[in-house]
Amino acid sequence: MKAVILAGGYGTRISEESGIRPKPMVEIGGKPILWHVMKIYSAYGINDFIICCGYKGYMIKEYFANYCMNNSDVTFDMRSNKMEIHRNHTEPWQVTLVHTGFSAMTGGRLKRVRDYIGNETFCMTYGDGVSDVNISDLVDFHRKQKTLATLTAVKQPGRFGIFNLSAEDTHIKSFQEKPSVHKDMPWINGGYFVLEPGVMDYIEGDDVTWEREPLENLAKDGQLAAFRHTGFWHPMDTLRDRNYLEDMWHAGKAPWYDLVHQQEMSNHK
């Protein structure tokens, strides 16, 4: 199974970082968040990636062009201009990097990689959000629904203090500052889609936003399912988000990578 990752946007809400690099290349724990997303899929045996590049896409291409060399022991023979790799510590990834335009919207970027996907079920997500979602369970759920699309439904992380207040109340009975998840928060689109090639018929061109007409019409046609995920999920929309994820990483409390580590250990047994 292939995984498509959207990595071509400008990332204007994190301009402190995206001014010098594409948003998916912003680092968490010394690794681009794009790498973290790929490790999540790889933990479940999905190692064939299609990256939709756009803004500063050359930096993503350069990263993977040098990835093997930078993660291996090498010898350079200067006289013959040869390089020998001794120990390859890289993942078994196949990475296809596709320039999907500088101004294409999310739906347009997805449609531009149609020829690379083929006629099989595939995964798709954003290059700026991490989660401990179980990809195997997600794919199994999708197949049982028999829909063209399944999204991962998550509860939005709390950014503000919350409390309950009815129409008649003037006194607050309880208050919780920035809850990680709250039962009264609405379900939102958390990415981590599983899709059938037929979703491409819902995308007309480059100016189509995947989260608008395609998802809206899939829902109207009864072709959009929701996989409820109540575990960890967090986007990297702002510098504050980036710092939050970085702090979790350095504290050894990164749920998305704990999942990766556990899955990799299980695979090696």
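Computed from the coordinates by the stated procedures, all read-outs in this text should not be read as laboratory data. These figures come from a predicted structure and were not determined experimentally. Heads up, the Cβs are rebuilt from the backbone with ideal geometry, glycines too, and the neighbour counts pull from every protein chain shown.
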Mind pulling up the Rg/Rh value for segment 18-146? Radius of gyration and Kirkwood radius, both on Cα.
-> 1.01
For segment 188-269, whose charge dipole is built from +1 on Lys and Arg Cβ atoms and -1 on Asp and Glu Cβ atoms, the candidate among Leu224, Val199, Ile188 with its Cα farthest towards the positive end is Ile188
Separation in nanometres of the label points that stand 7 Å from Cα toward Cβ, at Met59 and Asp73 | 3.3
